[in-house]
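Here the structure is laid out as structure tokens; the discussion comes afterwards.
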């Protein structure tokens, strides 16, 4: 949303809005009966925004899965640990756990989960500024073909494009994904798409449209259990309104973001958010 001097801010934003991109719950893959107490508790804690506690519980879930030889559940917990580290801005740790998770999903022959994990690794390395490694993982993710993967991949690719190019390369694919998720009434996915489109419009200087899309994203989040995502959207709203010279509204959005920010997740300073890097705003 802002210029290249605000890379840290962009990484925080892209992490906070990403739960749809991979998810932190259990996979729908059939498993032999087993109670994943730690995973269930961790997921609730994650959605509430306590990332350090979520990591602690997911690590216990991983240890329990290994002890009972639940390979798939162990892989899922590794993936979830990586996701939570990403939220904290600890990208190296996130990449480490995600890579381990990908390897386990491959061994478990769960190509859908392996693809999602590879895609998020591509996203993670894009956030770290490593374009070649991001491209490598994107190729790995694209090698798997599954049901509705084109829509999932369109959202991931748009996220990576915004990080690397400040624009969405294939807007038609993202529009197609949006239509698909509207039919499914998937408000989590729709919130993500709205945020991506808002960021694309803000890069073009279309602050009014970006503001509208972000408010719509908040409405979608209200219909999910993903309350931890609100802080990212509010920070985006604050930045857009500072660029549009709506300083009073911008400050209010910033204060709301600070108050509801997930535990352990760093929040950019007010001066960073207010330092608009756009050439114009309409």
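Where only DSSP H runs of four or more residues are counted, the chain gives -23000 deg cm²/dmol as its mean residue ellipticity at 222 nm, each run worth -39500 (n - 2.57). For the stretch 185-282, the Kirkwood estimate of hydrodynamic radius, built from reciprocal distances between every pair of different alpha carbons, is 13.3 Å. Legend: translational diffusion of the stretch 25-136 by Stokes-Einstein, Rh = Kirkwood radius over C-alpha pairs, 10 °C, 1.306 mPa s; D = 114 µm²/s. With distances taken between every two different alpha-carbon atoms, the chain has a Kirkwood hydrodynamic radius of 18.8 Å.
Ratio of Rg to Rh for the stretch 183-238: 0.97 [Cα atoms; Kirkwood radius as inverse mean 1/r over pairs].
Computed on the stretch 4-274, with alpha-carbon pairs under 8 angstrom and 6+ residues apart, the relative contact order is 19 percent.
Size of the stretch 115-234 from its Cα atoms: along the principal axes, largest to smallest, the extents are 35, 31, 28 Å.
Only the coordinates and a few stated rules stand behind these numbers; no lab work does. All of these numbers come straight from a predicted model, not from anything done at the bench.
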